[in-house]
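A quick write-up on the structure given underneath.
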Amino acid sequence: MENATVDLWATDEVHFQQHGSRCQMWIPPETKDPILLHAPTRRSVGYFGAVRLRDGKFLFCRETGKFNGASFFAFIKTLRRSRIRTGRRVVVITNNAKYHHALLHRPWREEHILDLALDYLPPYSPDLNPIERVWKLTRRLCLHNRYFNQLEAVIDSVEAEFFRWTIHNETLRKLCAIT
């Protein structure tokens, strides 16, 4: 973090479901528990996301197909482009998903090792990845206790927040601080 020639990014994938999520709330004992309706569906939208730990800048990309080596390859190319503006080496904290190690992009990663490096977390340790806090905050701000009758409404709600975070962001910087 203290090295001025390196930008440390945390990246991960996430799905947001159309039925949203619930949070706890206090209900007076004399009141009947409210009924919270959810859409009877399992539809969801997936995103690749990355947060730069030094200033909270957020990058995201909606995934239209499924998460795989090709889609991750396109996303890490986008992360590498951030180096052009800053002149810093990009080091990416990521989990051990198989497509993060894909043979498809291994030659490219080896060719650009001076510009971009992937730093893998130990298996089964999602709590070590700072971006998991961003996903939790997104769910709380955009999805908790809301009814979405269309998946597009979920996308609009989530992406409106994501666009606010694409500039240097003190909230995300503090949320993801590792020092």
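Quick look at the numbers
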quantity: Phi-based couplings in Hz for segment 112-117 (Karplus 6.51, -1.76, 1.60; Gly and Pro marked x); calculated: 10, 4, 6, 9, 9, 9
quantity: Of all accessible heavy-atom area on the chain, the percent that carbon and sulfur account for (1.4 Å); calculated: 54 percent
quantity: Mean separation of Cα contacts under 8 Å, 6 or more apart, over the residue count of the chain: relative contact order %; calculated: 33 percent
quantity: Heavy-atom surface of the chain, accessible at 1.4 Å and reported per residue (Å²); calculated: 59 Å²
quantity: Candidate lysines - alpha carbon under 24 Å from Lys57, same-chain residues fewer than 8 apart omitted; calculated: Lys77, Lys136, Lys174
quantity: Residues Asn3 and Ala70, FRET efficiency given R0 of 30 Å [Cβ-Cβ distance, rounded to 0.05]; calculated: 0.45
quantity: Candidate values [x] 19.2, 59; [y] 18.6, 58; [z] 18.1, 66, label of the one derived for Rg and Dmax of the Cα atoms in Å; calculated: [z]
quantity: Equivalent ellipsoid semi-axes, segment 93-163, via Cα gyration tensor eigenvalues times 5, rooted, Å; calculated: 32, 15, 12
quantity: Value at 222 nm in deg cm²/dmol, rounded to 500, when DSSP H runs of n ≥ 4 in the chain each add -39,500 (n - 2.57); calculated: -8500 deg cm²/dmol
quantity: Sequence-distant residues sharing a close amide H with Ile93 (under 5 Å, placed H); calculated: Trp9, Ala10, Thr11, Asp119
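The values are calculated or read from the model by the stated rules, or taken from the named source; none is laboratory data. As the structure is a prediction and not an experimental result, all values here were calculated from the model. Cβ atoms come from the backbone with ideal geometry, glycine included; neighbour counts cover every protein chain shown. Calculation scope for accessible area: heavy atoms of the full protein, side chains included, ligands and nucleic acids excluded. Shrake-Rupley method; radii C 1.70, N 1.55, O 1.52, S 1.80 Å.
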